Amino acid sequence: MTRDPRALMACAALVGSYPLLVVAALWPLPWLFLAVCALSYAAEIAARRRARRVVDLLSRVRLGVTLRFMMRETAAILLVARTAGTDSPWFTLLVLGLFTLHGVRALQAWLAITYSGVLNQLPVLTRNIDGVLRLPPPPSAVLVDHGSMRMLYLDMLPVGGAALGAVLGTGLPGAGGAVAALGLGAAGAIGLLPHLRRIQPLKNRRGTLKAVNRRLARYGPEVILYFSGPNDSAYQVTMWLRPLERIDRRAVVVLRERNMLRLLGETSLPVVCIPSAADLMSFGALDSARVCLYPSNVGKNIHMLRIRGMRSVFVGHGDSDKEASFNPFTKVYDEVWVAGQAGRDRYLRARVGVCDEDIHEVGRPQLTGVRTTGPGLPYRTVLYAPTWEGWTDDLFHTSIITMGPPIVRALLAHSPALRVIYKPHPLTGYRNPAARRAHEEILAILEGAELSRSIARHPAGAVRAEPIRHQAVTGSEPPLYDCFNQADLMVTDISSVVADFIASGKPYVVTNVAGLPERTFRERYPSTEAGYLLTRGLGELPAVLAALEQDGEDVLAATRHKLKSYLLGPDHPDAMTRFNDAVNAAYGRAARGADTAGTGVAAVHGAGTAGTDVAAVRGEG
């Protein structure tokens, strides 16, 4: 479930606090009840932050969050009954206060759900399209964010007050806490009313769609970057934003999931999110586009593929030797764009139905900022960038489960003057719990190494001028390519990271998780031709690291230079130029096809003045 000792302690304290509360209430032992009550609330907060899976398990066994709070409240009522008696007015006030508090919280929750429901049912969401959806300022997160359970914690006032009152011999703190909690709950409900009134115009679904449609039509999009996927896959579309911003054609980003609009990287391109397939296929503003780029193979692609008049192009989210880079589904697209000759050869060898004439080599325009020199620090840096576990267990691509923690330990043990950057795949642990456990173990190893080095740096108050800090990059920042620039050597798995890193010209190590013979491994995975191989025993690692530290002979340097052209294409013209030319060529093919079909191309260019409104649509005006 979790190996974090602090998370396990929080869960144990949470579960164990309830019988202790009942015992302390019935005994009665007010001081013990007060202490256990404080511990219980603290454990609730800690468990939700550090052990969500355990908390979810409690919900599945009918110990959900509301029941847990009610158990504490019931224990407080028992305590007051035992100390002040059921005939006490304080007992009556506490019971009525807690009962009414649940009603007030229910009202506030209903208003919050109503507010969120209106926003979640908007037929279209936008970014960088001014003057269309005027969303009013949102209410405080305290009022609408029920994931944090802030309103539930209002019962700390009457429960804690009752415990304190039992210690002091008076029921006033408990009754006063109930009144205060009721006041705050009512204020939360009342505070939502103006926000509900302001979003009433957004309930006009048809009008909202028309307004966005008209505004985007004035922009006249020519190229669409279309994407659908889970939250953790946002990187797949984000990597194409900068290249699309630099092409000659007017581009627009079309998303399908509401959360993706928030997770998408920064861009100046207009972005529309249209969750409904029916709304998407009737969204007339996209009719002017003639090229649609797809970074991922997902089921919802079919909704855009059904729209006639657009040339569909699969661009993927990185070239690699994995099966995902020659998926048979790819044959549904009109064209497939790969970085270099290697990508073309993969499809031809796989014989998945993609015709050679439909494959175009366009380079990797995302790699423009990858430097061919190291970070220039007085110590060496190794980047460990494993891939994720994939959708099946029989591909042996990820090293994180069987080799990840040993690799990191070996790097740390090799030399105190070696820095480690750990950059896992964003989907690590998405499907396989073993991958998540290994990931958490690596984080703990790096955290422990940082603590040890911190202690070593301060034996007598002295501080090293250039401290070496290991880094675990688990979010979107810094980006992968920035990690490339900080590394002198990379250890990775079979993935697109290999092809991308080779743009740097620096040495890399590829894990041979399946333990294949070297010749078989390199034949199956051509991108490893210029990499040092690493088997499960890690026996090859010390020699590679020693050569790196001592500026030893890099016997694969010439091979990497040759392989770079094979994987990524020529250096001249540069990848951005080739990508831009490919977009224009595809646009021309689509326009000629539309003209041949009798649709003409006049509509493609709109009224001839669509470009004058580009700045306004992108939010630049």
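The values are calculated or read from the model by the stated rules, or taken from the named source; none is laboratory data. Note that the coordinates shown come from a computational prediction; the quantities given were computed from them, not determined experimentally. All Cβ positions, glycine included, derive from the backbone under ideal geometry; neighbour counts span all protein chains shown.
Scan the stretch 326-350 for residues that are of a type in the set (Phe, Trp, Tyr) and within 24 Å of ALA590 (Cβ to Cβ) and jot them down.
Initial filter on the stretch 326-350 (of a type in the set (Phe, Trp, Tyr)): 326, 329, 333, 337, 347.
Across the stretch 326-350, the qualifying residues are PHE329, TYR333, TRP337, TYR347.
For a quick check of your reading of the model, give me the residue pairs whose first member lies in the stretch 375-387 and is on the phi < 0 side of the Ramachandran plot and at pLDDT 90 or above, whose second is part of a loop (DSSP other than H, G, I, E, B) and of a type in the set (D, E, K, R), with beta-carbon atoms closer than 6 Å and at least 6 apart or on different chains.
Sorted first by the residue in the stretch 375-387, then by its partner, the pairs are ARG380/ASP488; THR381/ASP488; ALA385/LYS423; PRO386/ASP493; THR387/ASP493.
Considering only the stretch 355-396, state which residues are buried (at least 23 other Cβ atoms within 10 Å of the Cβ) and either over 20 Å from PRO526 (Cα atoms) or in contact with an Asp or Glu (Cβ under 6 Å, 6 or more places away or on another chain) (or both). Even if it seems obvious, please write down each step before you answer.
Kept after step one, since they are buried (at least 23 other Cβ atoms within 10 Å of the Cβ), are these residues of the stretch 355-396: 362-364, 366, 382-387, 389.
Answer for the stretch 355-396, where residues must be buried (at least 23 other Cβ atoms within 10 Å of the Cβ) and either over 20 Å from PRO526 (Cα atoms) or in contact with an Asp or Glu (Cβ under 6 Å, 6 or more places away or on another chain) (or both): GLN366, VAL382, LEU383, TYR384, PRO386, THR387, GLU389.
Given the structure, is LEU98 more than 29 Å from the chain's Cα centre (by Cα) and surrounded by 14 or more Cβ atoms within 10 Å (Cβ to Cβ)?
yes
Give the stretch 486-506 a look and list any residue that's of a type in the set (Asp, Glu) and surrounded by fewer than 24 Cβ atoms within 10 Å (Cβ to Cβ), or say none.
Initially, the stretch 486-506 is screened for residues of a type in the set (Asp, Glu), giving 488, 493, 500.
Matches in the stretch 486-506: ASP488 only.
Return the residues of the stretch 36-78 that are assigned to a helix (DSSP H, G or I), under 21 Å from ARG436 (Cα atoms) and aliphatic (A, V, I, L, M); say none if nothing qualifies. I'd like the intermediate steps shown before the answer.
Initially, the stretch 36-78 is screened for residues assigned to a helix (DSSP H, G or I), giving 36-50, 52-60, 65-78.
Remaining after also requiring under 21 Å from ARG436 (Cα atoms): 46-50, 52-58.
If the condition is that a residue be assigned to a helix (DSSP H, G or I), under 21 Å from ARG436 (Cα atoms) and aliphatic (A, V, I, L, M), then ALA46, ALA47, VAL54, VAL55, LEU57, LEU58 are the ones that fit.
Within the stretch 457-514, can you find the residues that are part of a loop (DSSP other than H, G, I, E, B), modelled with pLDDT under 90 and charged (D, E, K, R)?
ARG464, GLU466, ARG469, GLU477
Among the residues that make up the stretch 131-142, is at least one of them part of a helix (DSSP H, G or I) and outside the structural domain of LEU269 (by TED's automatic domain parsing)? Break it down into steps so the answer makes sense when it comes.
Filtering the stretch 131-142 for residues part of a helix (DSSP H, G or I) gives 141-142.
With the extra rule that they be outside the structural domain of LEU269 (by TED's automatic domain parsing), the set shrinks to 141-142.
Taking every residue of the stretch 131-142 in turn, at least one turns out to be part of a helix (DSSP H, G or I) and outside the structural domain of LEU269 (by TED's automatic domain parsing).
Among VAL54, VAL36, which is crowded, with 19+ Cβ neighbours inside 10 Å, modelled with pLDDT under 90 and in the same structural domain as VAL159 (by TED's automatic domain parsing)?
Details: VAL36 fails: modelled with pLDDT under 90.
After applying the criteria, what remains is VAL54.
When residues of the stretch 9-32 are filtered for being of a type in the set (A, V, I, L, M, F, W, C) and within 11 Å of ALA43 (Cβ to Cβ), how many remain?
Taking the stretch 9-32 as the starting set, the residues that turn out to be of a type in the set (A, V, I, L, M, F, W, C) are 9-15, 20-27, 29, 31-32.
Retained after the next criterion (residues that are within 11 Å of ALA43 (Cβ to Cβ)): 9-15.
Residues meeting the conditions: 7.
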